[in-house]
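Here is the structure we will look at, set down as structure tokens.
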Amino acid sequence: MKPMQETLVAGDSGNAYRGVCPCCSGLPFDACCRPILEGKPAPTAEAQVRSRYTAFAVKSLDHVENTHAPEIRADFNRAEAERLAEECEWENLRIHQAVEEGDTAEIEFVINVRRNGGLIIKAGRSRFRREAGQWLFVSTKPAPHLEHAQSTKINRNDPCPCGSGKKHKKCHGAAADGS
Amino acid sequence: MNGPLRFLCTACGKCCHGQLPLTLKDAFAYAGLFPLCMIWTPVQRGSRDFRMARELGVAVPLTGGREMVSLIVPTSFIPSTYPCPALVDGKMCGIHREKPSRCKAMPFYPYTEERYQAGYLRPRQGWECDVSEAAPIAYDGKRIVLRDDFDIEKNDLRDQVPVLRGYAEHMLKYSPTLPERLWQASLQEKGGQIVTSLSSLLTATRHPEAAEIASKQLPVLNAYAAKTSGDPKLSDFHAYYSGWAKEMEYMSHAIPRGI
Ligand code: SF4
Ligand code: SF4
Ligand SMILES: [Zn+2]
Ligand SMILES: [Zn+2]
């Protein structure tokens with residue numbers, strides 16, 4: 001049996017954030033997730049998903065804890081999150097869909113992390129709610145068309161499990177091949 | 001097999017190896033001795049133990065409106081080749097008077113109905129249980145005769161059901177792939193298991209003594225991580241112990257929330 005635990009988002013210890021933001025936005029860290037980690041409210045729910053991912057990457061998990069909706073904040077297994085932040089390397093975050101309607105939002109994302117050398121793909125759709133200007137995490141479920149991504153070994157030439165329509169090696173597999 | 005069956009534990013220590021199922025109460029009481037985790041075991045509909053599993057375990061909804069039943073058992077998580085940490089000189093239980101109710105209730109097994117216990121009175125290979133005429137009658141007419149410890153364990157398991165169901169609800173909410181993994185485990189020939197962490201239980205149940213329990217677990221896990229390091233056959237165990245140790249390290253310092 002292979003040790004495996006699950007989490008909603010996970011993180012890396014890399015130094016990537018010195019320049020480009022770890023959330024894969026292509027923007028400089030200082031102009032992207034950094035101000036949000038330092039307390040500025042995320043302008044959109046998508047930006048909040050990005051900043052929560054980045055919080056794992058730079059091991060700043062207070063941000064993840066504080067952006068849980070109050071009714072589920074005590075559900076956050078901080079000890080496990082700290083461990084994952086330490087053990088995982090970030091490969092990639094992709095936002096596939098972000099739908100905001102008033103003070104609620106649904107964001108579909110795919111995360112690639114590497115742990116003990118193995119690639120783990122997490123795909124999900126998370127719900128957020130805006131309260132006093134803060135986007136708060138409410139719940140998550142596996143993204144429907146990605147349900148089997150976790151358990152299947154993906155071939156380089158197969159369609160990417162993220163649903164982009166591209167071959168895996170040209171999409172989320174590209175980062176995996178590079179390292 | 002309706003005749004009286006005799007049984008006396010000679011305290012030979014032969015059954016004191018590998019995983020030891022515990023009640024929640026015993027698990028917390030011995031957080032400073034056993035490396036702990038939660039083990040989920042799916043029980044097939046139609047199997048002999050299904051009724052007990054439905055009473056003492058949890059229901060797990062599957063897609064399409066179906067449902068499966070799983071036990072969730074707090075466990076001293078030890079490789080099958082390792083002795084229980086309470087075992088002295090390979091023979092004597094070092095905590096005999098206070099030993100977990102699982103050990104006191106041997107040979108009976110609480111997750112099987114009383115009327116199906118006969119098989120457990122036949123010692124497994126290598127065990128030195130006394131089943132001769134000299135031993136007292138332990139089971140007769142599908143009823144357990146020497147039953148105090150059996151009842152104590154069973155009652156503790158009944159009492160903890162609401163806690164386990166709350167835990168299952170939490171896990172199903174935050175580990176959306178858990179039902180699929182349990183389903184896969186149930187298809188394995190020997191019966192698969194899913195292992196979840198003590199940290200997840202302490203978090204889900206908002207255990208008021210989480211930090212204290214974690215600080216007792218930490219040295220236990222570190223010791224088992226050290227013992228299993230470098231043994232390729234036990235690399236999975238090693239990974240579990242060292243990962244959980246990190247979680248317990250954090251939890252042991254955490255300030256209780258909810259204020
Ligand atoms: S606690 Fe005692 S009786 Fe129970 S398994 Fe360990 S050594 Fe054996
Ligand atoms: S193997 Fe039998 S006699 Fe030996 S300790 Fe276990 S129950 Fe007692
Ligand atoms: Zn960013
Ligand atoms: Zn992709």
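The values are calculated or read from the model by the stated rules, or taken from the named source; none is laboratory data. This is a predicted model, so every value here is computed, not measured. Cβ sites come from the backbone with ideal geometry, for glycine too, and all protein chains shown count toward neighbours.
Just a few scattered comments:
- Checked against the criterion of being of a type in the set (D, E, K, R) and modelled with pLDDT of 95 or more, the stretch A:161-168 has no qualifying residue.
- Residue within the stretch B:104-113 that is closer than 27 Å to B:Ser186 by Cα and surrounded by fewer than 16 Cβ atoms within 10 Å (Cβ to Cβ) present: yes
- Residues of the stretch A:104-138 classified as in contact with a Phe, Trp or Tyr (Cβ under 9 Å, 6 or more places away or on another chain) and not basic (Lys, Arg), total: 16
- Residue pairs meeting the criteria (Cβ under 8 Å; at least 6 apart or on separate chains; first more than 16 Å from B:Tyr109 (Cβ to Cβ), in the stretch B:123-148; second in a loop (DSSP other than H, G, I, E, B) and small (Gly, Ala, Ser)): B:Asp140/B:Gly3
- Members of the stretch A:58-84 that are assigned to a helix (DSSP H, G or I) and more than 10 Å from chain B (Cβ to nearest Cβ): A:Asp62, A:His63, A:Val64, A:Asn66, A:Pro70, A:Glu71
- Per the conditions (1) within 17 Å of the chain's Cα centre (by Cα); (2) buried (at least 19 other Cβ atoms within 10 Å of the Cβ); (3) not hydroxyl-bearing (Ser, Thr, Tyr), the sole criterion not satisfied by B:Gly192 is (2).
- Of residues in the stretch B:1-10 being surrounded by 15 or more Cβ atoms within 10 Å (Cβ to Cβ) and not in a strand (DSSP E or B), the one nearest to ligand 1 (Cβ to nearest atom): B:Cys9
- Counted as qualifying within the stretch B:151-259 are the helices (runs of 4 or more DSSP H) with 2 or more residues that are more than 10 Å from chain A (Cβ to nearest Cβ), namely B:161-174, B:178-187, B:210-228.
- Residue within the stretch B:126-135 that is in a helix (DSSP H, G or I) and surrounded by 15 or more Cβ atoms within 10 Å (Cβ to Cβ) present: no
- Selection status of B:Arg97, in a loop (DSSP other than H, G, I, E, B), basic (Lys, Arg) and out of contact with any Ser or Thr (no Cβ under 6 Å at 6 or more places or on another chain): no
A quick yes/no check of all residues on (1) more than 10 Å from ligand 3 (Cβ to nearest atom); (2) without any contact (Cβ under 8 Å) to a residue 24 or more places away in the chain:
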residue	(1), (2)
A:Pro28	no, yes
A:Pro41	yes, no
A:Arg50	no, no
A:Thr54	no, no
A:Leu61	yes, no
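- If you go through the stretch B:58-96 and keep only what is closer than 20 Å to B:Gly166 by Cα, in contact with a helix residue (DSSP H, G or I) (Cβ under 9 Å, 6 or more places away or on another chain) and away from ligand 1 (no atom under 16 Å from the Cβ), you end up with B:Val58, B:Ala59, B:Val60, B:Pro61, B:Leu62, B:Met68, B:Val69, B:Ser70, B:Leu71, B:Ile72.
- Flag if B:Phe77 is within 11 Å of ligand 2 (Cβ to nearest atom), aromatic (Phe, Trp, Tyr), in contact (Cβ under 8 Å) with a residue 40 or more places away in the chain and surrounded by 13 or more Cβ atoms within 10 Å (Cβ to Cβ): no
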